[in-house]
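Below is one structure, written out as structure tokens; comments come after it.
The values are calculated or read from the model by the stated rules, or taken from the named source; none is laboratory data. If you're wondering where the values come from, they're calculated on a predicted model, not measured in any experiment. Backbone-built Cβ (ideal geometry, glycine too); neighbour counts: all protein chains shown.
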Protein chains: 4
Amino acid sequence: MDEFDIDVLADPALDEPVLVEGLPGVGHVGKLAAEHLLEELDSELVRRVYSTHFPPQVSVEDGRTQLACAEFHAVTPEEGRDMLVLTGDHQAQDNEGHYGLTTTFLDIGADFGVEEVYALGGVPTGELVEEYDVLGATTTDDFGDRLTEAGVEFREDEPAGGIVGVSGLLLGLSERRDTPAACLMGETSGYLVDPKSAQAVLEILQEVVGFEVEYESLEERADEMEEVVRKIQQMEEQNAPSPADEDLRYIG
Amino acid sequence: MDEFDIDVLADPALDEPVLVEGLPGVGHVGKLAAEHLLEELDSELVRRVYSTHFPPQVSVEDGRTQLACAEFHAVTPEEGRDMLVLTGDHQAQDNEGHYGLTTTFLDIGADFGVEEVYALGGVPTGELVEEYDVLGATTTDDFGDRLTEAGVEFREDEPAGGIVGVSGLLLGLSERRDTPAACLMGETSGYLVDPKSAQAVLEILQEVVGFEVEYESLEERADEMEEVVRKIQQMEEQNAPSPADEDLRYIG
Amino acid sequence: MDEFDIDVLADPALDEPVLVEGLPGVGHVGKLAAEHLLEELDSELVRRVYSTHFPPQVSVEDGRTQLACAEFHAVTPEEGRDMLVLTGDHQAQDNEGHYGLTTTFLDIGADFGVEEVYALGGVPTGELVEEYDVLGATTTDDFGDRLTEAGVEFREDEPAGGIVGVSGLLLGLSERRDTPAACLMGETSGYLVDPKSAQAVLEILQEVVGFEVEYESLEERADEMEEVVRKIQQMEEQNAPSPADEDLRYIG
Amino acid sequence: MDEFDIDVLADPALDEPVLVEGLPGVGHVGKLAAEHLLEELDSELVRRVYSTHFPPQVSVEDGRTQLACAEFHAVTPEEGRDMLVLTGDHQAQDNEGHYGLTTTFLDIGADFGVEEVYALGGVPTGELVEEYDVLGATTTDDFGDRLTEAGVEFREDEPAGGIVGVSGLLLGLSERRDTPAACLMGETSGYLVDPKSAQAVLEILQEVVGFEVEYESLEERADEMEEVVRKIQQMEEQNAPSPADEDLRYIG
């Protein structure tokens, strides 16, 4: 296997599409958002990307295996712009892999004529979030202005630690290709898988890209998560032994 | 030395052989199973694979050294199919090494005309196992059906974390070459070297591949392990200080 | 992206310049010193160096992103020698990256005709420093003699652990190219960002390279840090719970 | 800089020399032994090996810097065989580096016509050693027989974990080149720098290679270490707070 191996599964023509990335990260916000798009809209699997920088791992579902990979789906909705949606279960396992995979992702985007890149993710607040603001970061002032109009917040020093992983590099490397790119980061506690934050991010994306999706399934998932949080809070109030910190992370 | 260095020690012709892999892993199930095959059946050492991704290490036996490697033995039993058995003391030490070594292993298999791949291993249950089920995962539905008939269990969401290391990649990379591959995973506590689980896996393999072996030595080793477990349980019942968790892992 | 990618932003002619490096390190002494030079003297951004050995990260300021990089500024002061000043927010993340980046930095220096290299940094003393001595290390005896005259201290066995990272390699690799190089290390506690140590280092550099800068802003920053230290000492004296060790490191 | 960079400093002709390696390791036994040879016998520095797999570091002595490297000295004693002695302050920092460096070392040895390789080191016993046995491991039975005659012990299962790092690979990779190689491992507690163990190893090497050296300076150093041990034991007997475990390791 090559360092980066691309399987071509279909090659539909897309009309000035945008690239939408949702790989695993804080609160699984980006991944939940991107996967929700694929559940709600018709899509076609067009590329699988394998890499020696992914974990040496197959996932198993109903006894069938799938080698660790990232997937691109083409979405051509009736309303709004065409999209190339990037999802997967893994980030690269090392620095060089992050740079190489992101380059590969942008190369695939370029093959489809991608004109704008949206990296979706979460930004941890450290406490339970009441109102789900969406923070932004962009490669150009123009793009920033359009997102501000759509309700995205841009703050002087946030996120303080910058943006790491594929989402960060999608912006950094897009800028070096003169492709406008933005990161939409839903506020999230950082302790739980957060479907509400994913919905907040998607509502912004819907505004700027123009598709139409329902949020019922995300809302149901959010209700389940709130039920989990309620139970944990009850346990704590009753002085019952609370689940260990470890368990609290990424209940989902 | 090259990144992957293959020593050719013999080159017998094999008739539509299957590749059987048993490298170190959970409960040393795969390694015990593969080594038992080599003890019970006549075999010939045909390849040694050295790699800069193995630990920088020699083992020492009676004062003689052997550089870290993986070994292929050819087995041409009177009953059943020819086999190419892959054993060793090491997994690769990094991601890239896992991918590269597995590719090298499959290339060697292809040179011998391997038609099917069996990765042997253990799946941890976290508790002492009474009945040794063997879980399966395959690259094709056909292969899955044949294994189901032989008594292998296929479960919806197991193993939950997928299959990692060389065993996982043997399936993932075989699929990309259109070579049918299966992983046979014996249930095991995960705390002890588990000869019983190895026997359960071999009995399945015997059913599908068709060789004949005795299990006396594995059963003796299993009795020794049960004696160890009994002593630990007695110590715990007597409130005697139990061995540290650390010590419980991989007694063998 | 290549392993090391150089963006050429300007190409002014410099007259026998010296290379001055100030990347993050102990007490941020080198970084503070180099950044102070750029604040006080007119400078021009001439090169950005990107690398797959930097963290996969963009920094965000006012919503705009900047891919992890190192920057070279050309400084042609009225008094003293021309300088090429190397700053940035990151060190390489692995050994190979340290060697490769330093080689790239020296190649850029060679393009500008750099005749001498000054690596700026801090040396940790483990206790609050009263008098800010500057320790030196050089590749040649001549260079050492000149620095001794300027007030740099050379001690038999210091720094005991040698010099690590880009600063260390700038000396090690310069020596192999026959370019004289020195490391100027301001004594610093190692617990706090230390503007006073940075000033001590700059005052030496000023003496040997010949520029003229004010230190008001560094002094203000040093006053702020002393205020922080005073408050911590008060808290400790009042037996109030002191900030955790973790917090004490790199307050700045 | 290349991945492995060799500086040629001198090129004397050696007569069927043996390669003697003493890099840092358990009890610094190998390093002490090799450095003692260079102190006691006339020698000439013939090669420096630099590598991107060494730490990114310069050492500093009297203000002058030296880039991390390994050094080969040629020794042509009046009695006994010519020797090529390999010393240094560093092991490689990663697997690939261990394999690559050892290959480079053996290539240099081959250039000088090396006929036998001796890797010197320590084997940890976990307790203070009374009688300093020297364990052996070799690539050939012949070599083993000669060392047995010289007093080296060969034990069935020791060292249990094999031999790691450059010493291990010098044997593993020499075997693949058909160069006879041996590891001489002095028993040592593993907690202290151990000049006595180094002397025991050298006395064996003296027997098989045939040089003549004094041990006075090693004995003095051993006395100093015993004084340290005595003080620690006194402190423990007086119930005085003993130095932390951390401090006990590698006092020297």
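Key figures
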| quantity | calculated |
| --- | --- |
| Enumeration of residues in the range A:123-163 that are under 26 Å from A:Asn95 (Cβ atoms), in contact (Cβ under 8 Å) with a residue 24 or more places away in the chain and among the charged types (D, E, K, R) | A:Glu158 |
| Count of the range D:108-135 residues which are surrounded by fewer than 17 Cβ atoms within 10 Å (Cβ to Cβ) and among the small types (Gly, Ala, Ser) | 3 |
| Filter result (surrounded by fewer than 20 Cβ atoms within 10 Å (Cβ to Cβ) and within 22 Å of D:Ala160 (Cβ to Cβ)) within the range B:40-64 | B:Pro55, B:Glu61, B:Asp62, B:Arg64 |
| Sole residue being touching a residue at least 12 places away in the same chain (Cβ under 8 Å), within 12 Å of the chain's Cα centre (by Cα), surrounded by 18 or more Cβ atoms within 10 Å (Cβ to Cβ) and more than 11 Å from chain A (Cβ to nearest Cβ), chosen from B:Val193, B:Val201, B:Val166 | B:Val201 |
| In the range A:92-104, residue farthest from A:Asp7 (Cα to Cα) [restricted to those that are facing another protein chain (nearest Cβ under 9 Å) and surrounded by 19 or more Cβ atoms within 10 Å (Cβ to Cβ)] | A:Asn95 |
| Selection count where residues are in contact with a His (Cβ under 7 Å, 6 or more places away or on another chain) and either more than 21 Å from B:Glu16 (Cβ to Cβ) or within 8 Å of chain D (Cβ to nearest Cβ) (or both), scope the range B:46-69 | 4 |
| Residue check, C:Leu86 more than 9 Å from chain A (Cβ to nearest Cβ), surrounded by 23 or more Cβ atoms within 10 Å (Cβ to Cβ) and at negative phi | yes |
| Residue within the range D:230-249 that is modelled with pLDDT of 90 or more, among the polar types (S, T, N, Q), outside any helix (DSSP H, G or I) and over 16 Å from the mean Cα position of the chain (by Cα) present | no |
| Residue that is surrounded by fewer than 20 Cβ atoms within 10 Å (Cβ to Cβ), under 17 Å from C:Leu205 (Cα atoms) and within 11 Å of chain D (Cβ to nearest Cβ), where the choices are C:Thr148, C:Thr138 | C:Thr148 |
| Sole residue being free of Cβ contacts under 8 Å to residues at least 12 places away in the same chain, more than 12 Å from chain B (Cβ to nearest Cβ), among the aliphatic types (A, V, I, L, M) and farther than 30 Å from B:Leu170 by Cβ, chosen from A:Ala13, A:Ala74 | A:Ala13 |
| Any chance A:Leu67 is crowded, with 19+ Cβ neighbours inside 10 Å and either closer than 30 Å to B:Arg146 by Cβ or free of Cβ contacts under 8 Å to residues at least 12 places away in the same chain (or both) | yes |
| Test for B:Ala181: is it buried (at least 21 other Cβ atoms within 10 Å of the Cβ), of a type in the set (A, V, I, L, M, F, W, C), closer than 24 Å to B:Phe4 by Cα and facing chain A (nearest Cβ under 10 Å) | yes |
| Failed condition for D:Ala74, given (1) touching a Phe, Trp or Tyr at 6+ places or on another chain (Cβ under 8 Å); (2) modelled with pLDDT under 95; (3) hydrophobic (A, V, I, L, M, F, W, C) | (2) |
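For (1) facing chain A (nearest Cβ under 8 Å); (2) under 18 Å from the mean Cα position of the chain (by Cα); (3) farther than 30 Å from B:Val46 by Cβ, each residue gets a yes or a no:
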| site | (1), (2), (3) |
| --- | --- |
| B:Asp133 | no, yes, yes |
| B:Glu156 | yes, no, yes |
| B:Pro159 | yes, yes, yes |
| B:Arg177 | no, no, no |
